[in-house]
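**Student:** My structure is below; once you've seen it, I'll send some questions.
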Protein chains: 2
Amino acid sequence: MFSDAEKLFDIDRMKRFDEFFHPKSVAVIGTTARNDWFWLKNLVSMDFNGKIFPINPKYTSALGLTFYDKIANVPFDIDNAIVAVPAKHVHDVLKECILKRVKLVTIFSSGFSETATQEGKELEQDLMTLKESTKSDIRILGPNCVGIYCPESGLSFRPEFARNQGRVGFISQSGGLAINMGLRGKTLRIFFSKIISFGNAADIKPVELLEYLGYDKKTRIIGIYLEGIKDGPKFMRVLREITPKKPVILLRGGQTDVGARAAASHTGSIAGSNDLWRSLFNQTGAIPVNSFEELVETLLAFNFNYHHLPKGNNVGLLSVSGGVSVINTDICNKLGLNIPKLTPESVSRLQEVIQDVGTSVQNPLDLAASFFNIHALKVAIETLGNDPNIHSIIMEIANHYIYTPEQHGVEGYANLFYETVLQLLRRIRRSGRPVLVAFPPIAFEARRIWDRKLFIDAKIPIFSSITAAAQALAHLTDYSNYLKTAKKND
Amino acid sequence: MFSDAEKLFDIDRMKRFDEFFHPKSVAVIGTTARNDWFWLKNLVSMDFNGKIFPINPKYTSALGLTFYDKIANVPFDIDNAIVAVPAKHVHDVLKECILKRVKLVTIFSSGFSETATQEGKELEQDLMTLKESTKSDIRILGPNCVGIYCPESGLSFRPEFARNQGRVGFISQSGGLAINMGLRGKTLRIFFSKIISFGNAADIKPVELLEYLGYDKKTRIIGIYLEGIKDGPKFMRVLREITPKKPVILLRGGQTDVGARAAASHTGSIAGSNDLWRSLFNQTGAIPVNSFEELVETLLAFNFNYHHLPKGNNVGLLSVSGGVSVINTDICNKLGLNIPKLTPESVSRLQEVIQDVGTSVQNPLDLAASFFNIHALKVAIETLGNDPNIHSIIMEIANHYIYTPEQHGVEGYANLFYETVLQLLRRIRRSGRPVLVAFPPIAFEARRIWDRKLFIDAKIPIFSSITAAAQALAHLTDYSNYLKTAKKND
């Protein structure tokens, strides 16, 4: 199907990529005291497990590391080089790296094609011309990128990123979004196999990185932020190869004309036609999202439900209020999720324990005052979890109701509530049904942070709104449905 | 245009409604120690400025108030009665209230038509039959409602609601959403003229409440949560009368078939056809929203921009990252907001101070590293605020960048940043252009609460996401555009 030249998952090429993420040594070129040794600190803080060689003739040592005046004078082989010198000096540095047989150069420096100036474009072209004229097999990431975060080896572009390894791989055209992803992910216990910011993609193309994450055994879920596509058909082929094995969630920047104009001035991207993108999503099973928060929250849902995708579209909804139940039902329904009736057995089981006024023992389940009755709450969650009509559950928690009993002197109610709920939700998840929690910011904001942490620590995905939870569940469900079709067509 | 019987803004009827919100005395019927005197505490905690008469033969006093065994034995006139006795006793209580010439009865009790049982429907019908047979001019709110919150008089259905009076009036079919609105509003400094939960609307209809808020001088912005419409044409006429004077933001529950089914079991509502609702929004200038959070955030935007609606669709966007800028532009654009080019004068003014790599001095403005340069930031905000092509501004703040300089030892940077930004944004608002802030939850979650409070206290509306900010701005802008048309047609 593919010619040899464009063979997918060329094992040798992929193995070589793998080395880029696990270098035995890294040179940091252009690190200075002025920015507090930023690029050095990223590696030191993450306990990078190879050798670090700072290069800058102005210094002799910092952070306990010995400086070298130039890369040629480093008495060891260098696998990766991180380059943070002004754009006009990058060409010379690249030449030195080629002579030193560096395998991967990550160019942080900006001022290249993204400026859309003749000068910037030429500077970038000069780098590629140099690489080609020397017949070097060096690879270049960037320029205008923040590079690689790989907690396994300790490569990083931020000192405060998590050291935990995870199953999510993220490729980003934007360095800012790569940073945001690492920080936000840490809070939500979305841990990463790799985050890669590729900037202007002068040499290494996003499609190669996608291919690599498809090949990489550590990566089980893939996120992408992309402003433009240069090799549409190849990108589509790679996506089609990957999505039956790993979900790929894609945020496209430049969807509108003005957005595309902004993208052009950001990374010099050509956005690609809307038709191209439409067929990309239709034909590949890639999951489109429309905002950074939706991207993060979809990754959160996949990350915590990796082993139990929903078996269908039917959702059991649980809340404390009738009005809320109605709105939540509308929101789910508009996203293609069904709110089916429960079996008669479930309904009569619920009727036994939920008898307060204002309750509804059908789906959506409106517990009203029974929310405060731990036994009733327990039966409600269990019944939803066991009902054969239900494929997944969204529980909305209104913590102002949880803290109200405490305000009226019932000490420890919140603890009891969370203990019970978490135990039950985990049990349902073990039975193979995804559980998502919507946790709206009504009141008790400071406590919400801690309450939410309970769920994140228990690996129950928790969202600030039913809209976000339902959207994430819809993505999970669509992917689960897609897998069935993909298998059928196999 | 209207027959006398359906005359809008019948001043006498409206004045009578006004009295319901400012009673000289309230009887609380069925308050008990078991629920910690809840309905009494609501009034006491809010310093209700009239007399309070708890009615329950089992008690003699609580919270310093003397109990009466029955309402007939209260030696004063009673304007309002709050009824929290079991459904089967409500008929007798209503009879006593009629004899006592109570003006308004608020029935909290559930178990009426919302149960969709024959018994519940009959109990509710019996109340109306009693009212009619005695030819009483008593009015009934509910049953199955939490009633009235009016900070001016101290009526309330929650003890912790704000005492501050505000300009937002909210009518809700759902008691839960009325509670959520009061609590959420307090956090966001959305203060209320009135919140009214009307439940089953056996007697007082939502359209009457809408009429009243239209008439009420204290109410300048109206929010509604409605699950069904019984008198569509009248509702539409009232809306048409109000929207040229006050914005009306309407959240409709039961938009989908399953949502409508849930609504039917919640308040026994018939949802009304989608056609009816479509024409209601098209013909009246009412603003449709699709989630509770969107409702709250739209009220937030109107509340803080009440005196300076945008004069057009053109938005100036400001952020710290190129990728973020691109996504934000797409989101705004899809909501009908333009991101116009700036004038050449603005661009050259910006170029003078914003020279860091990776910045963009066009709209969307991508400050990159210049975000840390207070002078550059200042010029950027001022320039956007003065550009004649710009009608409103959305600034996205990434607080992880603000706290990074502090982590690297630049003490007080965050304070300086917020002081500068707030001063500038307030100045722009004074010049008549709305300013909205998007404040995504990337990191520093606990600090975010306090940071956000700075903006809320300065009455700058601040949102958790660009999606929410852009959505709120789109509603502001649509309403502003609608007003122009409404005036033209006058």
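**Student:** Hey, among the residues in the stretch A:94-110 that are of a type in the set (Lys, Arg) and not in a helix (DSSP H, G or I), which one's nearest to the chain's Cα centre (by Cα)?
**Tutor:** Ranking the qualifying residues of the stretch A:94-110, first place goes to A:Lys103.
**Student:** Mind checking which residues of the stretch B:427-453 are within 14 Å of chain A (Cβ to nearest Cβ) and outside any loop (DSSP other than H, G, I, E, B)?
**Tutor:** Once the filter is applied, which keeps residues that are within 14 Å of chain A (Cβ to nearest Cβ) and outside any loop (DSSP other than H, G, I, E, B), the stretch B:427-453 yields B:Ala438, B:Glu445, B:Ala446, B:Arg447, B:Arg448, B:Ile449, B:Trp450, B:Asp451, B:Arg452, B:Lys453.
**Student:** For the stretch B:320-337, enumerate the residues that are farther than 20 Å from B:Leu476 by Cβ and more than 7 Å from chain A (Cβ to nearest Cβ).
**Tutor:** Scanning the stretch B:320-337 gives no hits.
**Student:** Another question, then. Taking A:Ile140 as the residue in question, decide whether it is buried (at least 22 other Cβ atoms within 10 Å of the Cβ), away from chain B (no Cβ under 13 Å), at pLDDT 95 or above and under 24 Å from A:Gly254 (Cβ atoms). Give the steps one after another, and end with the answer.
**Tutor:** Numbers: buried (at least 22 other Cβ atoms within 10 Å of the Cβ): yes; away from chain B (no Cβ under 13 Å): yes; at pLDDT 95 or above: yes; under 24 Å from A:Gly254 (Cβ atoms): yes.
It is true that A:Ile140 is buried (at least 22 other Cβ atoms within 10 Å of the Cβ), away from chain B (no Cβ under 13 Å), at pLDDT 95 or above and under 24 Å from A:Gly254 (Cβ atoms).
**Student:** If a residue has to be free of Cβ contacts under 8 Å to residues at least 40 places away in the same chain and out of contact with any strand residue (DSSP E or B) (no Cβ under 8 Å at 6 or more places or on another chain) to count, how many in the stretch B:202-212 make the cut?
**Tutor:** Residues that pass the stated criteria total 2.
**Student:** Could you please let me know if A:Ala398 is away from chain B (no Cβ under 12 Å) and of a type in the set (Gly, Ala, Ser)?
**Tutor:** Working: away from chain B (no Cβ under 12 Å): no; of a type in the set (Gly, Ala, Ser): yes.
No; evaluated as a whole, the condition is false for this residue.
**Student:** Among the numbered criteria (1) assigned to a loop (DSSP other than H, G, I, E, B); (2) closer than 30 Å to A:Gly142 by Cα; (3) within 36 Å of the chain's Cα centre (by Cα), which one does B:Tyr401 miss?
**Tutor:** (1)
**Student:** Which residue is surrounded by the fewest Cβ atoms within 10 Å (Cβ to Cβ), if the candidates are limited to the stretch A:104-122 and must be within 14 Å of chain B (Cβ to nearest Cβ) and closer than 13 Å to A:Gly142 by Cα?
**Tutor:** Only one residue tops the list, namely A:Gly111.
**Student:** Then there's this: Going through B:Leu63, B:Leu94, B:Leu99 one at a time, which residue ends up being modelled with pLDDT of 95 or more and either touching a helix residue (DSSP H, G or I) at 6+ places or on another chain (Cβ under 6 Å) or small (Gly, Ala, Ser) (or both)? Spell out how you get there, then give the answer.
**Tutor:** On the way: B:Leu63 fails: modelled with pLDDT of 95 or more; B:Leu99 fails: either touching a helix residue (DSSP H, G or I) at 6+ places or on another chain (Cβ under 6 Å) or small (Gly, Ala, Ser) (or both).
After applying the criteria, what remains is B:Leu94.
**Student:** Looking at the stretch B:290-304, is at least one residue in a loop (DSSP other than H, G, I, E, B) and crowded, with 24+ Cβ neighbours inside 10 Å?
**Tutor:** No, because not a single residue in the stretch B:290-304 is in a loop (DSSP other than H, G, I, E, B) and crowded, with 24+ Cβ neighbours inside 10 Å.
**Student:** Being in a helix (DSSP H, G or I) and either closer than 30 Å to A:Ile402 by Cβ or not assigned by TED's automatic domain parsing to the domain that holds B:Lys246 (or both) is the filter here, so list the residues in the stretch B:179-220 that pass it.
**Tutor:** B:Ile179, B:Asn180, B:Met181, B:Gly182, B:Leu183, B:Arg184, B:Gly185, B:Lys186, B:Thr187
**Student:** Still on this structure: Quick check, is B:Phe281 at pLDDT below 95 and in contact with a strand residue (DSSP E or B) (Cβ under 7 Å, 6 or more places away or on another chain)? Show your work before the answer.
**Tutor:** On the way: at pLDDT below 95: yes; in contact with a strand residue (DSSP E or B) (Cβ under 7 Å, 6 or more places away or on another chain): yes.
Here the answer is yes, as B:Phe281 does meet what is asked.
**Student:** Within the bounds of the stretch A:349-369, is there any residue that is without any contact (Cβ under 8 Å) to a residue 24 or more places away in the chain, more than 10 Å from every other protein chain (Cβ to nearest Cβ), surrounded by 15 or more Cβ atoms within 10 Å (Cβ to Cβ) and not in a helix (DSSP H, G or I)?
**Tutor:** No, the conditions are met nowhere in the stretch A:349-369.
**Student:** Failed condition for A:Leu280, given (1) outside any helix (DSSP H, G or I); (2) away from chain B (no Cβ under 14 Å); (3) touching a helix residue (DSSP H, G or I) at 6+ places or on another chain (Cβ under 9 Å), with all others met?
**Tutor:** All conditions pass for A:Leu280, except number (1).
**Student:** Quick one: would you say B:Gly154 is at positive phi and away from chain A (no Cβ under 14 Å)? Quick ask: steps written out before the conclusion?
**Tutor:** Numbers: at positive phi: yes; away from chain A (no Cβ under 14 Å): yes.
Considered against the rule, which asks whether it is at positive phi and away from chain A (no Cβ under 14 Å), B:Gly154 comes out as yes.
**Student:** In the stretch B:111-165, which residues are in the same structural domain as B:Met46 (by TED's automatic domain parsing), assigned to a loop (DSSP other than H, G, I, E, B) and among the charged types (D, E, K, R)?
**Tutor:** Within the stretch B:111-165, B:Lys135, B:Asp137 qualify.
**Student:** In addition: Taking interchain pairs and intrachain pairs at least six residues apart, which have beta carbon atoms under 7 angstrom, with the first residue in the stretch A:218-232 and within 12 Å of A:Trp277 (Cα to Cα) and in contact (Cβ under 8 Å) with a residue 40 or more places away in the chain and the second in a strand (DSSP E or B) and not polar (S, T, N, Q)?
**Tutor:** Taking only residues 6 or more apart or on different chains, the pairs are A:Leu226/A:Leu250; A:Leu226/A:Arg252.
**Student:** Which pairs do you get when a residue that is closer than 18 Å to A:Ile460 by Cβ and at the interface with chain B (Cβ under 8 Å from one of its Cβ atoms), found in the stretch A:179-197, comes within reach of a residue that is surrounded by fewer than 23 Cβ atoms within 10 Å (Cβ to Cβ) and not β-branched (Val, Ile, Thr), reach meaning Cβ atoms under 6 angstrom, with the pair 6+ apart or on two chains?
**Tutor:** Going by the 6 Å Cβ cut-off, the qualifying pairs are A:Lys186/A:Ala162.
**Student:** Can you pull out the residues in the stretch B:51-93 that are outside any helix (DSSP H, G or I), small (Gly, Ala, Ser) and closer than 19 Å to B:Pro23 by Cα?
**Tutor:** Scanning the stretch B:51-93 gives B:Ala81, B:Ala84.
**Student:** Here are the criteria: (1) in a helix (DSSP H, G or I); (2) of a type in the set (A, V, I, L, M, F, W, C); (3) in contact (Cβ under 8 Å) with a residue 60 or more places away in the chain; (4) more than 14 Å from chain A (Cβ to nearest Cβ). Tell me which single one B:Leu309 does not satisfy.
**Tutor:** In the conditions (1) in a helix (DSSP H, G or I); (2) of a type in the set (A, V, I, L, M, F, W, C); (3) in contact (Cβ under 8 Å) with a residue 60 or more places away in the chain; (4) more than 14 Å from chain A (Cβ to nearest Cβ), B:Leu309 misses (1) alone.
**Student:** So A:Ile229 ticks every box in (1) modelled with pLDDT under 90; (2) within 12 Å of chain B (Cβ to nearest Cβ) but one. Which box is left unticked?
**Tutor:** (2)
**Student:** Return the residue satisfying two criteria in turn: it lies in the stretch A:401-426 and is surrounded by fewer than 22 Cβ atoms within 10 Å (Cβ to Cβ), away from every other protein chain (no Cβ under 12 Å) and of a type in the set (Phe, Trp, Tyr), and of such residues it is farthest from A:Leu476 (Cα to Cα).
**Tutor:** Filtering the stretch A:401-426 for residues that are surrounded by fewer than 22 Cβ atoms within 10 Å (Cβ to Cβ), away from every other protein chain (no Cβ under 12 Å) and of a type in the set (Phe, Trp, Tyr), the one farthest from A:Leu476 (Cα to Cα) comes out as A:Tyr413.
**Student:** Still on this structure, I have one more. Condition first: crowded, with 24+ Cβ neighbours inside 10 Å and more than 19 Å from B:Phe302 (Cα to Cα). Now tell me which residues in the stretch B:162-176 satisfy that. Walk me through how you get there before you give the answer.
**Tutor:** We begin by selecting, within the stretch B:162-176, every residue crowded, with 24+ Cβ neighbours inside 10 Å; these are B:168-176.
Within the stretch B:162-176, B:Gln173, B:Ser174, B:Gly175, B:Gly176 meet the criteria.
**Student:** Would you pick out the residues in the stretch A:221-255 that are crowded, with 19+ Cβ neighbours inside 10 Å and in a loop (DSSP other than H, G, I, E, B)?
**Tutor:** Scanning the stretch A:221-255 gives A:Glu227, A:Gly228, A:Ile229, A:Thr243, A:Pro247, A:Gly253, A:Gly254, A:Gln255.
The values are calculated or read from the model by the stated rules, or taken from the named source; none is laboratory data. What you are looking at is a predicted structure, and each value in this text was computed from that prediction instead of being measured. In this analysis, Cβ positions are derived from the backbone assuming ideal geometry, glycine residues included, and neighbour counts consider all displayed protein chains.
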